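Structure first, commentary second.
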Amino acid sequence: MDINLVILVILILLAIVDLTVGVANDAVNFLNSAIGANAAKLKTIMIVAAIGVIVGVMVSGGMMEVARKGIFNPEFFLMPELMVIFVSVMFLDILLLDTFNTFGLPTSTTVSIVFGLFGSGMAMTLIKIGNTTGNYSEIANYMNVNMVLTIIGAILLSIVMAFVFGLFVQYLTRLLFSFDFEKRFRRYGAFWGAIALTSISMFVMMKGAKNTEFMKGDFKVFFQDNMGLVFLYLYAFWTVLLLIIQKFTKFNVLKLIVLIGTFALAMAFAANDLVNFIGAPIAGLNAYQIANATDNPLTTSMVSMQGKLPADTWVLLFSGLVMVATLFLSKKARSVATTTISLGRQDEGYERFESNAMARALVRMTYGVFSEIKKLIPPPIVRFVNSRFDTTKFKPVLDEKGNAPAFDLLRAAVILFVSAGLISIATYFKLPLSTTYVTFIVAMAAALPDKAWGRDSAVYRVSGVLTVIGGWFITALFATMGAMIICFTIYYGEWIGLLGIFALTAITIYRSANYHKEKEEKHRAADEKQRKEEGSKEFANKKVMGDVSIFLKDVTTIFAKSNNGLIGEDLKNLRKAKKKANEIEKEVVVLNSNFIRLVNKFEYEETEFANLAIRITISLQDISDKLYHSVSQNYKYVNNNHKPLTEDEIELLVELNSKYEEYTSLVVKSLSEYNFENYETIKRLYSEFNSSTSELYRNQLKRIKKQKSTVRRSIIMLNLISDFEIQSDLSFKVFEFAKISRSHI
């Protein structure tokens, strides 16, 4: 069997798979604003985006230009070599994008395919030169390194420009309309909205519809020569239309702007990024057809590959349908969108990213700089600006399920029209950039003036943004290196290499799907803990107490596992306990958020409940902190190979574990059942447990005096006794606070 024919079949299969993983990643570009602002029902948003995708693929002109984009020169390669290059790119693209989708991180499909082509093209160039002249200075004839450098420069420039414009426009918009913007927007919102819709319209004509008959001939010449005039005509049209809508209807024009912007970005995405998904397979098909139309298909020159590579209309339509199906069915697409939305959401709560040193330094430096700048501004101006950015009286519009949007429609509109405007300008000046980079950075920049990144969340949000940006550069690096490795493997491994990479890709996608499912279930559980949609105070309080019981049960289990690991010098279990203790620290953030939300959601007749909630949150945080400290000290003791515990100390620790588990199991049961009838029993066990610890301290000191225990061993035992005492005390406080809080419901 001809291996090139098999590669062609694999390319077609990979094209379908790449459409799904590519759309899952790029969907965030046009979905996050509408979904984040609850601009319409999710089904409506998806339908608008789907129409944009279908229109986009049909006006793309059918030009799949991957093979002639200048990354490598196809005339220097033979058909079998090009087939290996293209299939290597597709394998790499799917593996890379699926990995990013699994972790919910947006990246650029353009960068992935371009650097994949560079890597596989470079690998084949090295192979070809090594097999012929051996003169590696000829690489410049095969590859266009300048194009790669241009793309890297464009990435950096697009990040800076998107951040500056996103921040500036959102700041001015919020200064103009404030958060409570409905009345002001009814007065002069049409003039602002017309700017947004004009920018989006220009974007559609310059980016989305650039290959249509509409944008050719005399109109194209007129449009390019009179862009300022076209902008004024469009602005006048949209101003009049919005004024009419506001005057004679109750329709929210901001929703119109967001939905039109969603359609425009979806259209442009499909029209311009479709090449990233099916360009290489179509180029491979063309190479195979050109070669097999000659007498010597394996040695025929591929010089004709320099021309345009048209795609059949039915191929484009089928691709569009696959992309639309992915929009509606892909859970990974929603994960990527959720990442961007959560990083820019207005409220606080569970954060998906941990803080890091760079994020902490940036946040600290930023607050320091703005604090100094603020001192130079006259107080009246500061008071005026603060009044425009005051969120205390702002109440977001809830959807039909009672959920608040991640941000309001005003910010969503800004994100869309600034993104569209920047991409339009870059298109006019023929500057290469990534729509993913622009839309993501604009969304993040727009969150800053809205104070979405407060003192309690900024460091986590910045960490998330740095992670995403770092992932973009990792995309370029991994795409280059990965494509080279795959190309070498297939070329030298032939059938074995090809089938091996195919099997690896299939297994990776299968395993990543399972991993993503498990991860999303955890996130769903965490999000569920934050939602307090129930209408009953008692029901909401009962649910929170149920979450606390689960938390205390997990703490008890980890505490016992850590102490048993110390007794048995089991480093593996201690490492697991330490990891679990770290996860507990994340859980307590959600629990505490739930308590605060509970207090804010319901209007309590007495302030005592709020005081109790605060005391519970402090106690839970202390339990989490103490647990991590205890587990860490046990791990460190065993990891440093210190002397094992004596039989007396082991017996003491086992006894403490047993008594502590008996006591906490009753606390957990009482909280989970929301039943405090066994209060006296729990109080007695708590008193007995704490009374025994005093005797334990004295016994351990006797061991020290009799030199039956080393200094380090004595210290860890004293610390553990203290840990048991503190944990039991904190657990009883939570139990008591919970009992009292019930009487205030």
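Key figures
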item	result
One residue from V465, V442 being within 13 Å of the chain's Cα centre (by Cα) and surrounded by 21 or more Cβ atoms within 10 Å (Cβ to Cβ)	V465
Pairs where the first residue, in the stretch 177-194, is closer than 13 Å to K247 by Cβ and the second is crowded, with 20+ Cβ neighbours inside 10 Å, C-beta under 6 Å, 6+ apart	A190/L242
Any pair with Cβ under 6 angstrom, 6 or more apart, that starts in the stretch 394-414 at a residue that is closer than 20 Å to A264 by Cβ and modelled with pLDDT under 80 and ends at one that is acidic (D, E) and part of a loop (DSSP other than H, G, I, E, B)	none
Positions within the stretch 633-682 being touching a Gly at 6+ places or on another chain (Cβ under 8 Å) and outside any loop (DSSP other than H, G, I, E, B), in sequence order	N634, Y635, V638, L671, S672
The stretch 100-134, subset in a loop (DSSP other than H, G, I, E, B) and within 27 Å of the chain's Cα centre (by Cα), residue nearest to E518 (Cα to Cα)	F103
Search result, residues across the stretch 473-507 that are touching a residue at least 40 places away in the same chain (Cβ under 8 Å), among the small types (G, A, S) and surrounded by fewer than 21 Cβ atoms within 10 Å (Cβ to Cβ)	none
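The values are calculated or read from the model by the stated rules, or taken from the named source; none is laboratory data. All of these numbers come straight from a predicted model, not from anything done at the bench. When we count neighbours, we look across all protein chains shown, and the Cβ atoms used for this are built from the backbone with ideal geometry, even at glycine.
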